[in-house]
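Have a look at the structure below, then the notes.
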Amino acid sequence: MSKMGQPYTSGRWGVRAGMQDEFVSRWTEFTEWALVSASGAEHFVLIRDAEDPLRFTSFGAWEDKASVDAWRSSPEFAERLGRCRELCDEFVPTDSILTAAVGI
């Protein structure tokens, strides 16, 4: 359940042309692993830009910041994230906190 102040991880991904389907597959594998392996992971979404099919934005909801920190320090994190990043020309990660929500 979402709560004010809840941490979210996000990323802006610029995927190389022709790699979109593979990127979605790898991102899905990465986040499925996170859901079963990272305590405090709640859900993940990947959104594709309607005007630019090479641009994606991802969001992950977390129970608390300690869960995010533990996930990022796990031995497999860098390898699994790297599999997604190698298909991209750009990746910009961001940490955020839930400030307002409607309907969730």
Requested in this report: Give the accessible area for residue 104 in Å² (nearest 10); use a 1.4 Å probe, count only protein heavy atoms, and leave out ligands, DNA and RNA.
Outcome: 140
Query - Efficiency of FRET from Cβ geometry, residue 67 and residue 21, R₀ 35 Å, rounded to 0.05 - result: 0.70
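Which whole-number value in Å² is the accessible area per residue of the chain, probe 1.4 Å? Walk me through the numbers before you get to the answer.
Numbers: 6190 Å² over 104 residues.
Ligands and nucleic acids excluded, the result is 59 Å² per residue.
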Query raised in the report: To the nearest 10 degrees, how steeply does helix 20-37 sit against the main Cα axis of the chain, on a 0 to 90 scale?
Result: 30
Query raised in the report: What is the Cα centroid distance between segment 25-91 and segment 1-17, reported in whole angstrom?
Result: 8
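How large a share of the accessible area of the chain, in percent, is made up of carbon and sulfur atoms when the probe is 1.4 Å and the other protein chains stay in place?
Working: 3410 of 6190 Å².
Using a 1.4 Å probe with all protein chains present, the chain comes out at 55 percent carbon and sulfur.
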Query - Interchain or long-range residues, amide H under 5 Å from residue 16's placed H - result: 88, 89
Query raised in the report: For segment 45-104, which GluC sites (Glu not before Pro) are in a loop by DSSP, counting at most 13 other Cβ atoms within 10 Å?
Result: 51, 76, 86
Query raised in the report: Which ³J(HN,Hα) values, rounded to whole Hz and listed in residue order, are derived for segment 59-75 from phi using the Karplus coefficients 6.51, -1.76 and 1.60 in 6.51 cos²θ - 1.76 cosθ + 1.60 with θ = phi - 60°, glycine and proline given as x?
Result: 9, x, 9, 10, 5, 7, 5, 4, 5, 4, 4, 5, 4, 5, 8, 5, x
Query raised in the report: Give or take rounding to whole Å, what are the principal axis extents of the alpha carbon atoms in the chain, in descending order?
Result: 38, 34, 19
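The values are calculated or read from the model by the stated rules, or taken from the named source; none is laboratory data. Here the structure is a predicted model, which means the values were calculated and not measured. Cβ coordinates were reconstructed from backbone atoms using ideal geometry, including for glycine residues, and neighbour counts include every protein chain displayed. Only protein heavy atoms, including side chains, enter the accessible area calculation; ligands, DNA and RNA are left aside. Shrake-Rupley method; radii C 1.70, N 1.55, O 1.52, S 1.80 Å.
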